[in-house]
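Novice: Take this structure, written in structure tokens, and hold onto it; I'll ask about it next.
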Amino acid sequence: MGKNVKKAFICAILSLVLLSGCGIGYGEEKEEPVTEAENEDLIVVGFSQVGAESDWRKANTESMVKTFTRDKGYELILEDAQQKQQNQITAIRTFIQREVDYIVLAPVTEDGWDTVLTEAKDAGIPVIIVDRMVNVSDPELFKCWVGSDFELEGRKACEWLRAYCESKEIAPEEVNIVDIQGTAGASSQIGRTKGLKDAVRANGWNLLEEAAGEYTQAKGREATSRLLRKYDNINVVYCENDNEAFGAIEAIEAAGRRVGNNIAAGQIMVMSFDGVSDQAIDYAKSGKISCIGECNPLHGPRVEKIIQNLQQGVTPDKYEYVDEDIFSGDSTVTSIEVDDEVYTIKILGK
Ligand code: GZL
């Protein structure tokens with residue numbers, strides 16, 4: 001088609017569009033844009049996610065994205081906060097403006113949510129908390145919560161360590177631990193740290209230092225390197241997630257030390273939480289990670305069940321705890337008991 005003919009053709013199309021009212025003509029009443037979701041009668045879910053700091057977090061996001069699909073009747077609006085609470089607060093306000101049907105919040109830390117959750121409540125939008133907990137003045141500011149018992153995760157891992165040391169006749173006073181903590185103020189950090197500190201007091205271990213690991217491999221490596229330069233008697237590195245453990249292993253080997261269970265032979269034991277990635281499981285099988293406290297990230301189906309219940313007027317449980325195991329590549333300890341509950345250790349085959 002020649003250039004002039006093409007120009008005339010485009011002008012004709014444009015004038016047809018304007019005349020037919022598909023475009024917005026001058027003086028016409030501007031219709032409020034109807035969102036696609038309203039057109040298709042989808043349930044609109046606004047999800048404020050912490051970030052992408054760890055394998056666990058990525059698996060958690062994937063679980064939500066795979067669950068809340070358009071062909072199942074949902075529109076998911078996913079906002080990644082890059083681990084900053086202010087970004088999550090902004091995201092929640094955006095969800096309120098967009099009049100979503102549900103807000104799902106994975107809070108980076110426990111405090112600082114009263115104001116924005118009050119705004120969501122005043123807007124009549126139900127809020128579902130996943131993973132970590134929020135510390136709010138009024139529990140009515142959220143509909144319900146689903147996640148892990150992080151203190152129990154810590155207690156189970158430490159009970160495994162106590163049983164292991166007892167079996168290998170390692171005296172409590174010979175256990176010298178450093179704690180590579182997760183994001184300060186996150187429920188998972190608070191709980192796993194408390195589980196360790198209570199076990200240190202109960203068993204007579206030495207907790208040499210707590211260091212920030214922020215759930216990342218880089219920080220885990222940096223913190224472990226610093227502690228190895230400061231202390232020459234570390235024999236347990238308690239990492240509050242797998243990615244920190246990967247970094248700790250790098251640091252220990254870079255320092256010319258060996259990672260493993262054989263504390264008596266001078267090896268340094270690495271403990272961890274999550275158990276989400278193949279790398280973590282492989283490390284557990286090889287003994288580079290001695291014990292992993294499972295932290296299950298697959299909250300998508302759990303949140304969908306809550307939303308379906310709410311859609312049908314069924315009130316969900318206020319708090320839903322996820323059952324979790326404990327893994328090891330070493331069969332020295334086959335079961336542990338915490339609060340009169342017996343947990344079988346999942347021994348990972350080589
Ligand atoms: C635990 C979750 C933690 C994971 C980390 O439920 O909050 O945050 O253990 C993640 O891997 O970064």
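Novice: Are any residues in the stretch 198-234 surrounded by fewer than 21 Cβ atoms within 10 Å (Cβ to Cβ), in contact with a strand residue (DSSP E or B) (Cβ under 9 Å, 6 or more places away or on another chain) and polar (S, T, N, Q), and if so, which ones?
Specialist: Answer for the stretch 198-234, where residues must be surrounded by fewer than 21 Cβ atoms within 10 Å (Cβ to Cβ), in contact with a strand residue (DSSP E or B) (Cβ under 9 Å, 6 or more places away or on another chain) and polar (S, T, N, Q): Asn206, Asn233.
Novice: In this structure, does Lys197 turn out to be modelled with pLDDT of 95 or more, more than 16 Å from the ligand (Cβ to nearest atom) and touching a Ser or Thr at 6+ places or on another chain (Cβ under 8 Å)?
Specialist: For Lys197, the condition - modelled with pLDDT of 95 or more, more than 16 Å from the ligand (Cβ to nearest atom) and touching a Ser or Thr at 6+ places or on another chain (Cβ under 8 Å) - is not met.
Novice: List pairs: first residue in the stretch 334-350 and without any contact (Cβ under 8 Å) to a residue 60 or more places away in the chain, second residue among the hydrophobic types (A, V, I, L, M, F, W, C) and in a loop (DSSP other than H, G, I, E, B) anywhere in the structure, Cβ distance under 7 angstrom, at least six positions apart or on different chains.
Specialist: These pairs meet every condition: Thr334/Ile345; Ser335/Ile345.
Novice: Another question, then. Can you list the helices (runs of 4 or more DSSP H) lying wholly within the stretch 70-179 that have 1 or more residues being touching a residue at least 12 places away in the same chain (Cβ under 8 Å) and closer than 29 Å to Ile326 by Cβ?
Specialist: 150-167
Novice: Assess whether Ala91 counts as being hydrophobic (A, V, I, L, M, F, W, C) and either surrounded by fewer than 20 Cβ atoms within 10 Å (Cβ to Cβ) or within 16 Å of the ligand (Cβ to nearest atom) (or both).
Specialist: The answer is no for Ala91.
Quick grid of which residues meet (1) within 16 Å of the ligand (Cβ to nearest atom); (2) touching a residue at least 12 places away in the same chain (Cβ under 8 Å); (3) of a type in the set (Phe, Trp, Tyr):
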{"residue": "Ile268", "(1), (2), (3)": "no, yes, no"}
{"residue": "Met271", "(1), (2), (3)": "yes, yes, no"}
{"residue": "Ile292", "(1), (2), (3)": "yes, yes, no"}
{"residue": "Leu298", "(1), (2), (3)": "yes, yes, no"}
{"residue": "Gln308", "(1), (2), (3)": "no, no, no"}
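Novice: Look at Tyr238 and say whether it is assigned to a loop (DSSP other than H, G, I, E, B), within 16 Å of the ligand (Cβ to nearest atom) and among the hydroxyl-bearing types (Ser, Thr, Tyr).
Specialist: It is false that Tyr238 is assigned to a loop (DSSP other than H, G, I, E, B), within 16 Å of the ligand (Cβ to nearest atom) and among the hydroxyl-bearing types (Ser, Thr, Tyr).
Novice: Could you please give the count of residues in the stretch 156-189 that are crowded, with 22+ Cβ neighbours inside 10 Å and either in contact with a His (Cβ under 6 Å, 6 or more places away or on another chain) or under 18 Å from Asp131 (Cβ atoms) (or both)?
Specialist: 7
The values are calculated or read from the model by the stated rules, or taken from the named source; none is laboratory data. All figures in this text were calculated on a predicted structure; none of them were measured in a lab. Here Cβ is always computed from backbone atoms with ideal geometry, including for glycine, and neighbour counts include all displayed protein chains.
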